[in-house]
């Protein structure tokens, strides 16, 4: 065995460099972020233009890079195999040297360049974009032929992921948001808001609407005094005006406009805003499009027979996505006594304030609000109408949606508030 016969292996070092060039170029090009591209436009405009030319046709670019990498790796193995055969090292030594060469190719030609180009994408773009542009021009005709004869037919045969599963893109985006939150690139509140926005196509109007039984309503022949009384009680800018019954909605009454005009009844045509309807099965995304298209602030939610199910305002949609938008004074969130001896408590009321006011001994909790405390105790968000006992307190959910508790009713066994 003559080790001098292995010296020709040194001539394969350029092939290792070219393999690393193609591997690193792939990682760099398909890993450039929007911030990286902005930096290139500002500091290296010529490089930025080359990157734009390269990524104009990404499938063909990928074919060109993979073709170059495959050719180089095949040449490496052909040449090294020929050298090993010529050296006549014997079966054991030949297998050992071949394994070592394979490891060198994987480490030097794949792992190291990919890692470096992933860490220093902008610097890699400056160094590699020029030679890569030359290669794509040389390999362009062959890459185009491969794309037309192999890649495109296979893509049509299998169908794109988006065509097979319309929610695939949304799931991928949600995964990115979750990973960004885990890596602390996004704050938890920001990630939650993005997740809520992405859920709009699957969230239904009925989840955010005010149900029919809780809709502020006035008869079309109601007087100014009756309207003023309801408006002061409900503290709402819009009231639904009905004719023969709740299923006969004739318009929306804008509180301020009505009170500023000398109109005898709420049913006067000049006092009403037109009614726009939306099915209860529509999504929140559909509702936003309807608000944008019609310019309305409220929509009547109807069932399959056209009956009134509830009312949806643009504020309801916003609150469903990002939480309660109203500014609450401390008094707004305080418990209020009812005639039957029970207490009405907003879901946003401080759990500590409630415990102090009624001398309650509650379980240890990480929640800051009464609604959060109930959800933590149950392990879920209860529905309106549910009743149960927590810490010897009878709790009835009076207002809630799928995401949060808005109001509860408490019956205290011990004492009244001090």
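Spacing of the modelled spin labels on residue 353 and residue 314, each 7 Å from Cα toward Cβ, amounts to 3.1 nm.
With the highest mean first, a sort of the peptides 380-389, 287-296 on other beta-carbon atoms found within 10 angstrom per residue produces 287-296, 380-389.
Cα centroids of region 355-393 and region 244-312: 36 Å apart.
If I take every Cα pair under 8 Å that is 6 or more residues apart in region 3-158, average their sequence separation and divide by the length, what percent do I get for the relative contact order?
Details: 127 pairs, mean separation 72.2, N = 156.
Rounded, it is 46 percent for region 3-158.
Shape summary of region 1-112, radius of gyration then Dmax from alpha carbon positions: 18.6, 58 Å.
For each of 300, 71, 393, 408, count neighbouring Cβ atoms within 10 Å of the residue's Cβ, then give the residues from fewest to most.
Values: 300 24, 71 15, 393 18, 408 28.
Fewest-to-most ranking of 300, 71, 393, 408: 71, 393, 300, 408.
For the peptides 41-47, 121-127, the ranking by mean Cβ contacts within 10 Å, running from highest to lowest, is 121-127, 41-47. Over all distinct Cα-Cα pairs of region 205-322, the Kirkwood formula returns a hydrodynamic radius of 14.4 Å.
Sorted largest first, the spans of the alpha carbon positions of region 330-412 along the three principal axes are 28, 27, 26 Å.
Only the coordinates and a few stated rules stand behind these numbers; no lab work does. It should be emphasised that the depicted structure is a prediction, and the values quoted were computed from it without experimental measurement. Please note: Cβ atoms are built from the backbone with ideal geometry, for glycine as well, and neighbour counts cover all protein chains shown.
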